[in-house]
1. Multiplying the sequence separation of Glu214 and Phe228 by 0.36 nm and subtracting their Cα-Cα distance, what value in nm do you get?
2. Give the cysteines in the chain for which no other Cys Cβ lies under 4.7 Å away, or write none if there are none.
3. Take Lys65 and Leu30, extend 7 Å from each Cα along the Cα→Cβ direction, and tell me the distance between the two endpoints in nm.
4. Ser108 versus Lys43, label points 7 Å from Cα toward the beta carbon: distance in nm?
5. Using a Gaussian network model on the chain with a 10 Å cutoff between Cα atoms, which of Gly145, Gly112, Gly66 fluctuates the most?
6. Please give me the summed charge of the neighbours of Asn168: other residues whose Cβ is under 15 Å from its Cβ, Lys and Arg +1, Asp and Glu -1.
7. Arg186 label point, 7 Å along Cα→Cβ, cut-off 18 Å on backbone N: hits in the stretch 193-229?
8. Can you list residues whose amide H is under 5 Å from Lys50's amide H, if they're 5+ apart or on another chain and H is modeled 1.01 Å from N?
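Quick note: the coordinates plus some simple rules give every number you see, no bench work behind them. It should be emphasised that the depicted structure is a prediction, and the values quoted were computed from it without experimental measurement. When we count neighbours, we look across all protein chains shown, and the Cβ atoms used for this are built from the backbone with ideal geometry, even at glycine.
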Amino acid sequence: MKKISLYSITLVMLLGGFHYLFAQDSCVVLMENLTGFYSGNCKKALASGKGRAKGIDEYIGKFKKGFPHGYGECYYSDGKVYKGYWKKGKKHGKGVLVIPIANGNKDSVVSGIWFEDNFLRKVNLPTYTIVEKRNLDRYSIVKVGNGKSIRFAFYRAGGANNTIHDLNIYGSTGFISNDGRYLVYRDVDFPFRCRVTYYTLNKSGMVTYFVTFEFIINEQGLWEIKLFN
């Protein structure tokens, strides 16, 4: 197997969340504020699975039977942003609503538990949540400073992992760059959701694994993600 340097990998960089290549005019979203454009998964002519819908407002995340359902992010035309869980098109479960305040004042943040679009109670969300982890020996997520960036480092057998190929990093906001030492997602909004996938050799160099690591970071800052194989 050809070994490819980590920094020579061509990244699939998706700005503003999950991206899909083809719009599906025949796939319906059953919310008036989100009708107009849809791209993503479809089942029985209804948006189902991961997708992106845009009308007056824009939604990126999970759908079920034409409605936002599961984790998703909604960007409203008036500037509000909701990131969290949905049920049948309504905010339901843990979520964060950010309400912009005029004149440069600090945004208002409503964080906690929602029930059928109504805010139920405030809760302290975990600093981060692991959504999925597959074929990783271990990981490290550490806040190392202030800012709005996430940086990534990859390790294998006690050193840098130079066997990675087909590396994809999907972030909900921001843009990715290479600063020579780290791959860095910059100018991100929190909560920040990210999915990392790649192929790598195991420690013995005999077996190739497909690695998946998906997480949500709720607290703003400069974060360092280390993935070990």
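1. Full extension of this stretch gives 3.6 nm more.
2. Cysteines of the chain left without a disulfide-compatible partner: Cys74, Cys194.
3. Those two pseudo-labels are separated by 0.6 nm.
4. Calculated label separation equals 3.8 nm.
5. Gly145
6. Cβ neighbours under 15 Å give a net charge of +1.
7. Under cut-off, by backbone N: 221-225.
8. Distant-sequence amide H within range of Lys50: Asn41, Phe63.
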